[in-house]
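Chemist: Structure provided below as structure tokens; questions to follow.
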Amino acid sequence: MSGLRRAVAAEAYGTFLLTMLGPGTITAMSYIESTYSGSLRLSPAALGFIGLAHGVALIVAFYSIGHVSGAHINPAVTISAWATHRFEKRRVVPYLAAQFFGATVAGFVLLILWSSSATTRRVCCTGFNPTYLGDTLPGADFGQVAALVAEIIATAILVFTIFGATDKKANQSFAGLAIGLVLSAIIWMFGPISGASLNPARTFGPTIASLTFSTVPFSTLWIYFVGPVLGGLLGAFLYDVVKPE
């Protein structure tokens, strides 16, 4: 298998892993909250577990496939790396295709797993709960503009951290840990506003799977494409301004 094919396979797996463990934990928390407390709203503790799950998934991906593909597992990262001349143009489309494929497979695996539960069907698959299959939607108290701004700022922070932590002049020993922790912190802060996707593929997979029972997540999907891409570019160019020569 060629180097590019190995990298593409790694990207598909990494995005699958992130989408399974991240959005999957949202659905799991929804299930637990509904089963044990009867609430259809996620508690502060649940938000903590969700942020931690996303961070752990990213750390695991970084250390397991980073040496194979760079562990982008996010179209916003790939586009930002290409725009700032860190990534070859010929690799962009294969990476993006792999990321969306991996996330979509994860979305349908989550659908198969969780729709087998009557409780989950009631909570996540009838429109009562805005998390659906771990999808990302603007918070009930926030509009689309606020969600878009949140995605831009949050992704800018994430990409800035990624480029800084993996810079050749940085101590890269703990790069994966730094990136995973900042993702968790971002979700804790921005999650109530926009769902804190920061990743078009991570939102796309659960949204496509959710179309089997609801079109609601699809109506705001554009936010999670435009916001992360703009934010990623902002973070990448900002890092280039401050990085050492």
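Chemist: Using unit Cβ charges (K, R positive; D, E negative) and no other charged atoms, how large, in debye to the nearest 20, is the dipole of the chain about its Cα centre? If you can, show how the numbers build up before the last one.
Modeler: Working: 13 positive and 9 negative charges, 100 e Å.
Roughly 480 debye, rounded to the nearest 20.
Chemist: Here's another thing I want to ask about it. Does anyone have the angle between helix 144-165 and the longest principal axis of the chain? Alpha-carbon axes, 0 to 90°, nearest 10?
Modeler: 40
Chemist: Mind checking which of 221, 197, 97 is farthest towards the positive end of segment 3-242's charge dipole, using Cβ charges of +1 (Lys, Arg) and -1 (Asp, Glu) about the Cα centre?
Modeler: Value: 97.
Chemist: Now for a separate question. Could you derive backbone 3J(HN,Hα) for segment 87-94 from the dihedral phi with the Karplus parameters 6.51, -1.76 and 1.60 (θ = phi - 60°), listing whole Hz in sequence and x where the residue is Gly or Pro?
Modeler: 9, 5, 4, 5, 8, 4, 4, x
Chemist: Separate question: Taking neighbour Cβ counts within 10 Å as the exposure measure, how do 189, 29 sort from fewest upward? Present the calculation step by step, with values, prior to reporting the outcome.
Modeler: Working: 189 16, 29 21.
Neighbour counts put them in this order, fewest first: 189, 29.
Chemist: Once fully extended, how much extra length lies between residue 6 and residue 219, figured as 0.36 nm per residue of separation less the alpha-carbon to alpha-carbon distance?
Modeler: Stretched out fully, the residue 6 to residue 219 stretch lengthens by 73.2 nm.
Chemist: Right, another one. Send over the per residue convex hull volume for segment 3-242, Cα only, as a whole number of Å³.
Modeler: Values: hull volume 26.1 nm³, N = 240.
Convex hull volume per residue, Cα atoms: 109 Å³.
Chemist: Rounded if a/c is under 1.5, else prolate if a/b is larger than b/c, else oblate: which is segment 50-90, with a ≥ b ≥ c the root eigenvalues of its Cα gyration tensor?
Modeler: Working: a/c = 3.74, a/b = 1.81, b/c = 2.06.
Taking the square roots of the gyration eigenvalues as a ≥ b ≥ c, segment 50-90 is oblate.
Chemist: While we're looking at this one, here's another question. Please give the net charge around residue 73, taking every other residue with its beta carbon less than 9 angstrom from that of residue 73, where Lys and Arg add +1 and Asp and Glu add -1.
Modeler: Numbers: positive: 202; negative: 11.
Local net charge: 0.
Chemist: Rank the residues 245, 33 as a footprinting-exposure proxy: fewest other Cβ atoms within 10 Å of their Cβ go first.
Modeler: Values: 245 3, 33 19.
So the ranking, lowest neighbour count to highest, is 245, 33.
Chemist: To the nearest 500 deg cm²/dmol, what mean residue ellipticity at 222 nm is calculated for the chain from DSSP H runs of n ≥ 4 alone, each contributing -39,500 (n - 2.57), summed and divided by the residues? Please list the in-between numbers first.
Modeler: Details: 10 runs with 179 residues, N = 245.
The helix contribution divided over the chain gives -24500 deg cm²/dmol.
Chemist: As I understand it, the value is the acute angle between the Cα axis of helix 200-210 and the longest principal axis of the Cα atoms of the chain; what does it come to in degrees, rounded to 10?
Modeler: 30
Chemist: Please tell me the relative contact order of the chain in percent, rounded to the nearest whole number, where contacts are Cα pairs under 8 Å and at least six residues apart. Display every interim value, and only then the final one.
Modeler: Working: 417 pairs, mean separation 71.4, N = 245.
The normalised contact order for the chain reaches 29 percent.
Chemist: Something else about it: What are the chymotrypsin sites (Phe, Trp or Tyr not before Pro) within segment 176-245 that DSSP puts in a loop, where the Cβ has at most 16 other Cβ atoms within 10 Å? Don't jump to the answer; show the numbers that get you there.
Modeler: Details: sites: 188, 190, 204, 213, 218, 222, 224, 225, 237, 239; in loops: 213, 222.
Sparse-neighbourhood loop chymotrypsin sites (Phe, Trp or Tyr not before Pro): 213, 222.
Chemist: Given the options 196, 185, 140, state which has the largest fluctuation in a GNM of the chain using a 10 Å cut-off (strictly under) for Cα springs.
Modeler: The residue with the greatest mean-square fluctuation here is 140.
Chemist: Count the net charge of all other residues whose Cβ sits under 14 Å from the Cβ of residue 166, scoring Lys and Arg as +1 and Asp and Glu as -1.
Modeler: On the way: positive: 86, 168, 169, 243; negative: 167, 240.
The answer is +2.
Chemist: Rounding to the nearest 10 and keeping the result within 0 to 90°, find how far the Cα-based axis of helix 175-194 lies from the longest principal axis of the chain.
Modeler: Long axis of 175-194 versus the principal axis of the chain: about 40 degrees.
Chemist: Averaging over every viewing direction, what projected area does the convex hull of the Cα atoms of segment 123-245 cover, in nm²?
Modeler: Taking a quarter of the hull surface, the average projection is 7.8 nm².
Chemist: Given H placed on each backbone N at 1.01 Å, which residues far from residue 139 in sequence or on other chains put an amide H within less than 5 Å of it?
Modeler: Here the answer is 194, 195, since their amide H atoms fall under 5 Å of that of residue 139.
Chemist: What net charge do the residues around residue 5 carry, taking every other residue with its C-beta under 15 Å from that of residue 5, with Lys and Arg at +1 and Asp and Glu at -1?
Modeler: Numbers: positive: 6, 90, 91; negative: 11, 88.
For residues surrounding residue 5, the net value is +1.
Chemist: Quick one: 80, 210, 194, 219, fewest Cβ neighbours within 10 Å first, how do they rank?
Modeler: Values: 80 30, 210 23, 194 27, 219 12.
Ordered from fewest to most neighbouring Cβ atoms within 10 Å, 80, 210, 194, 219 come out as 219, 210, 194, 80.
Where a number appears in this text, it was derived from the coordinates with a stated rule and is not lab data. The model shown is predicted, which means the values in this text are computed figures rather than measured ones. Glycine also receives a Cβ, built like all others from the backbone with ideal geometry; neighbour counts cover every protein chain displayed.
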